[in-house]
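Working notes, structure below.
The values are calculated or read from the model by the stated rules, or taken from the named source; none is laboratory data. Bear in mind that the values here come from a model prediction, so they are computed numbers and not experimental data. Cβ: placed from backbone, ideal geometry, glycine included. Neighbour counts: every protein chain shown.
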Amino acid sequence: MKVLGIETSCDETAAGVVEDGKRLLSNVVSSSMDLHAKYGGVVPEIAARSHIEAITPVITQALDVAKCTWEDIDAIAVTYGAGLGGSLLIGVLAARTLAIAKQKPLYAINHVEGHLYVNFLTEGSLENYKYVSTAPQFPILGIIVSGGHSQLVLFRNHFDYTLLGQTQDDAIGEAFDKVAKIIGLPYPGGVNVSRLAEQGDPKAFKLPKAKMSGKYDFSFSGLKTAVLRLAQAQVGADFTLPSTQLPERLDEAQKADIAASFQRVAVETIVDKAIQACEEFQPKSVIIGGGVAANTELRRQLGERIPLPVDFPDMKLCGDNGAMIATLGCYKVMHDQPQADPRSLEIAPNLSM
Ligand code: KG4
Ligand code: ZN
């Protein structure tokens, strides 16, 4: 059983084909990131226009790489939320049209849920991909760390989960991106902060971890502000110095130490709560998903501190992609989940788990 997954929630136009919820056959991603870089963040109108140009070639290539014709595809799965409205619309309209024209069942996928499903890909025909050795076992603790979400979720089974907690303000990826701006690193910030952090001392500065009323909730906006104040203090200025003047006044060693100290605390914030959730709920597996799941410090801390082995997905499957949507689509088919109506499926930009 093969499912085509389509993903256009932000700046990646992506499509992938997955077989039986475990075998990766293709994963094609076209990013408009370069077009947004000079603006320092994703510009929704540019992202939407780029999706229009890329969607057909990306889907065609995903089928080609998977060596599939439309005959071989059993269902279409598409991200309908959360994300940017204009971006979501392109993927959803493409999927609805194809579902009608090719007479395929259509499944509406929650992007955030999708991120975790790359952990079920245990094999595939693509070279240069690392597959997890075995599928995760329920109950599963899911850690979602992306540009838009930071959540802990307990899965008792497929489609049977409880949201344990989430960020009350910025997502962890957003905090990485904001710290990148403070120290003058180009967009996309997260990966650049992470690279520079390798040259810094993670214990150079003491930064605060937010105390939350919800046991499994997070907050990253205080940490981000603490980084701003720290950077201002490092150049001998007070809080009135505009952040735009910081990059030229901080030296490389200060920037690296700020990046490393921030990264350590941001990651610890997530891992501390994940350990607490492991103690309370005794999951059989712990999985991570979302752009920040590519972060090596997060992987290191999880590997060292979580009381059970954690098998990490391929770096190329952490950012937004179509394979994750196709994988969750497969489980929707296999578990008789409701289909979407191709004549009326609407986008849900603020969809939550
Ligand atoms: O999942 P994703 O591609 O898009 C959303 O659904 O939001 O996540 C993007 C986020 C961005 O904030 C980006 O800076 C961050 O993931 N990111 C990283 C790394 N790679 C991407 N953050 C920290 N370390 C990384 N290596
Ligand atoms: Zn995402």
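Out of all the residues in region 151-174, which are more than 17 Å from A37 (Cα to Cα) and within 16 Å of ligand 2 (Cβ to nearest atom)? Don't jump to the end; show me each part of the working.
Residues of region 151-174 that are more than 17 Å from A37 (Cα to Cα), as a first pass: 151-172.
Across region 151-174, the qualifying residues are Q151, V153, Q166, T167, D170, A171, I172.
Identify all residues within region 285-329 that are polar (S, T, N, Q) and either within 15 Å of ligand 1 (Cβ to nearest atom) or not in a strand (DSSP E or B) (or both); write none if there are none. It would help to see each step written out before you state the result.
Within region 285-329, the subset polar (S, T, N, Q) is 285, 295-296, 301, 321, 327.
Scanning region 285-329 gives N295, T296, Q301, N321, T327.
Which of the residues that make up region 278-307 are within 15 Å of the chain's Cα centre (by Cα) and crowded, with 19+ Cβ neighbours inside 10 Å? Lay out the reasoning, then the answer.
First, pick out the residues of region 278-307 that are within 15 Å of the chain's Cα centre (by Cα): 287-296, 298-299.
Across region 278-307, the qualifying residues are I287, I288, G289, G290, G291, V292, A293, A294, N295, L298.
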**Prompt:** So I275 fits all but one of (1) over 20 Å from the mean Cα position of the chain (by Cα); (2) of a type in the set (A, V, I, L, M, F, W, C); (3) not assigned by TED's automatic domain parsing to the domain that holds A197; what number is the exception?
**Reply:** (3)
**Prompt:** Applying the selection to region 182-210, what residues are closer than 18 Å to G291 by Cα and among the charged types (D, E, K, R)?
**Reply:** R195
**Asked** Name the pairs whose Cβ atoms lie under 7 Å apart, with the first residue in region 287-316 and over 16 Å from V132 (Cβ atoms) and in contact (Cβ under 8 Å) with a residue 24 or more places away in the chain, the second more than 8 Å from ligand 1 (Cβ to nearest atom) and of a type in the set (K, R), and 6 or more positions between them or separate chains?
**Response** E297/R264
**Prompt:** Out of the residues in region 230-284 that are touching a residue at least 60 places away in the same chain (Cβ under 8 Å) and outside any helix (DSSP H, G or I), which is farthest from L154 (Cα to Cα)?
**Reply:** L250
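Can you tell me which residue among V333, V310 is crowded, with 17+ Cβ neighbours inside 10 Å, closer than 13 Å to I109 by Cα and β-branched (V, I, T)? Can you show your working first?
On the way: V310 fails: closer than 13 Å to I109 by Cα.
One residue alone meets the criteria, V333.
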**Request:** Could you please tell me which pairs satisfy a Cβ distance under 6 Å, a separation of 6+ or placement on different chains, a first residue in region 104-123 that is of a type in the set (S, T, Y), and a second residue that is within 11 Å of ligand 2 (Cβ to nearest atom) and assigned to a helix (DSSP H, G or I)?
**Result:** Y117/M324
**Prompt:** Taking region 161-195, which residues are touching a Pro at 6+ places or on another chain (Cβ under 7 Å) and surrounded by fewer than 19 Cβ atoms within 10 Å (Cβ to Cβ)?
**Reply:** G184
**Message:** I need every pair where a residue in region 29-41 that is surrounded by fewer than 18 Cβ atoms within 10 Å (Cβ to Cβ) has its Cβ under 6 Å from the Cβ of a residue that is part of a loop (DSSP other than H, G, I, E, B) and at pLDDT 90 or above, sequence separation at least 6 or different chains.
**Reply:** M33/D11
**Asked** Scanning for something over 15 Å from G114 (Cα atoms), hydrophobic (A, V, I, L, M, F, W, C), within 16 Å of ligand 2 (Cβ to nearest atom) and assigned by TED's automatic domain parsing to the domain that holds D177, does region 288-295 turn up at least one residue?
**Response** yes
**Message:** Criterion first (in contact (Cβ under 8 Å) with a residue 24 or more places away in the chain, touching a strand residue (DSSP E or B) at 6+ places or on another chain (Cβ under 7 Å), at negative phi and crowded, with 23+ Cβ neighbours inside 10 Å) does Q151 satisfy it?
**Reply:** yes
**Asked** Could you count how many residues in region 167-186 are within 25 Å of S213 (Cβ to Cβ) and without any contact (Cβ under 8 Å) to a residue 60 or more places away in the chain?
**Response** 7
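Would you list the strands (runs of 3 or more DSSP E) that sit entirely within region 120-207 and hold 2 or more residues that are not aliphatic (A, V, I, L, M)?
Numbers: elements: 140-145, 150-157, 160-166.
Correct list: 150-157, 160-166.
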**Asked** So S344 fits all but one of (1) farther than 26 Å from V29 by Cβ; (2) within 16 Å of ligand 1 (Cβ to nearest atom); (3) not assigned by TED's automatic domain parsing to the domain that holds P188; what number is the exception?
**Response** (2)
